[in-house]
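The values are calculated or read from the model by the stated rules, or taken from the named source; none is laboratory data. All figures in this text were calculated on a predicted structure; none of them were measured in a lab. Glycine gets a Cβ as well: all are built from the backbone with ideal geometry, and neighbour counts include every protein chain shown.
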Amino acid sequence: MRRQLAWISAGYAAALAAAALSVWVRNLFVSPADQLAMSGMLAAGDSIQFVLVAGALGLVPTFFLLRLLAQGWPRALAWALLAVAATGPLGWLVMAGLVKFPVMPRAFSELVGLALVLLVFPRAVASPVVFAALALALVLARDRRSRALLAVALSLEGVPLSLVALHFLRTIPR
């Protein structure tokens, strides 16, 4: 089992390295003037690219990790993935502005802003990857209760994702 976990960890490290390399290569083609003029937009693009590339390549070690965990702890895995899936709709609601934050002291307000940038935004961007990982877990699940929990998790992740996709499709000119 240690050897399997070592290979899985190496797979995640390779996915992170490939994502960092992809961002670095993309930045090679951006002029210094553009980097100065659009630093915030480029940083947002870098974070989106990093999360999506790392997530997509991380699906390979995730498959092996899910397979390993499904053999030993199928129900605990299902409950943990349900908890992860529950963070998706919450993140989308926060990003859509449907969750209002009360007036708060400036220091706390800055911490909330930092949490939005570092936690909520990457979680929303990673939603398609999480959906794919949940689908993999559903395929690997053996018992009925785990499959039911994973089906709920998949729908929790899929509903906001499909609503965002419908919103983008609605904006396409006809």
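Test L111 against the stated conditions and say whether it is under 15 Å from the mean Cα position of the chain (by Cα), at pLDDT below 90 and under 29 Å from A43 (Cα atoms).
Taking the combined requirement at face value, the residue does not satisfy it.
Here are some residues: L69, L118. Which one is free of Cβ contacts under 8 Å to residues at least 24 places away in the same chain and surrounded by 13 or more Cβ atoms within 10 Å (Cβ to Cβ)? I'd like the intermediate steps shown before the answer.
Numbers: L118 fails: surrounded by 13 or more Cβ atoms within 10 Å (Cβ to Cβ).
Checking each option against the conditions leaves just L69.
Here are R75, R26: which of them is surrounded by fewer than 16 Cβ atoms within 10 Å (Cβ to Cβ), charged (D, E, K, R) and under 27 Å from P160 (Cα atoms)? Before the answer, list the steps.
Numbers: R26 fails: under 27 Å from P160 (Cα atoms).
Criteria check complete, one pass: R75.
Being free of Cβ contacts under 8 Å to residues at least 24 places away in the same chain and not assigned by TED's automatic domain parsing to the domain that holds M1 narrows it down to one residue among V84, V125, V139, V94; which is it?
Criteria check complete, one pass: V139.
Residues to consider are A132, A141; find the one that is surrounded by 14 or more Cβ atoms within 10 Å (Cβ to Cβ) and in contact with a Ser or Thr (Cβ under 9 Å, 6 or more places away or on another chain).
It is A132.
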